[in-house]
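Below is one structure, written out as structure tokens, with a few remarks after it.
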Amino acid sequence: PTLEFEGGEVNVFAGCNSGSGEAEVTDTTIDFGPIALTKKSCGGIEDQVEFIVARVLDGEVTYEVNDDGNLVLEKGSDGLVLTPQ
């Protein structure tokens, strides 16, 4: 999965589908508005990854950039670790 933030919006590749939505970033949280994703089914692990990505990117999440430069998003018991490209 990938996220690209630009001017209050986020472009998302969720493992199979892609889309975009609004994202408001503060010092400790990101509030994701509805993310409009395409609706194809890839099957297998891609669909499972996409399910978790969509669940995390729904509403407010906490975040930090760790010592390795990775973006760590957490929402409840779910989370994502994204490596900069």
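Here are a few things to note about the model shown:
- If you take all other residues with their beta carbon under 13 Å from the beta carbon of Cys16, and give Lys and Arg +1 and Asp and Glu -1, the sum is -1.
- Cα-based shape type of region 28-69, given that a ≥ b ≥ c are square roots of the gyration tensor eigenvalues and the cut on a/c is 1.5: oblate
- Val12 contributes an accessible area of around 10 Å² to the protein surface, as traced by a 1.4 Å probe with all chains present.
- Residue of Gly44, Gly21, Gly33 that the Gaussian network model of the chain assigns the largest fluctuation, springs spanning Cα pairs under 10 Å: Gly44
- Dipole size of the chain about its Cα centre, with +1 on Lys/Arg Cβ and -1 on Asp/Glu Cβ: approximately 440 debye, rounded to the nearest 20.
- Rounded to whole Å, the principal axis extents of the Cα atoms in region 1-80 read 36, 25, 22, largest first.
- Relative to the longest principal axis of the Cα atoms of the chain, the long axis of helix 44-56 makes an angle of roughly 40 degrees.
- Among Gly15, Gly43, Gly59: highest mean-square fluctuation, GNM of the chain, C-alpha pairs under 10 Å: Gly43
- Trypsin sites (Lys or Arg not before Pro) restricted to the chain and DSSP loop, no more than 13 other C-beta within 10 Å: Lys39, Lys40
- Pairwise centroid distance, computed over Cα atoms, of region 7-37 with region 55-85, Å: 12 Å
The values are calculated or read from the model by the stated rules, or taken from the named source; none is laboratory data. Values in this document were obtained by computation on a predicted structure and should not be read as measured data. Positions of Cβ are backbone-derived with ideal geometry, glycine not excepted, and every protein chain shown enters the neighbour counts. Each accessible area value is taken on the protein alone, full model and side chains, heavy atoms only, with ligands, DNA and RNA left out. Shrake-Rupley method; radii C 1.70, N 1.55, O 1.52, S 1.80 Å.
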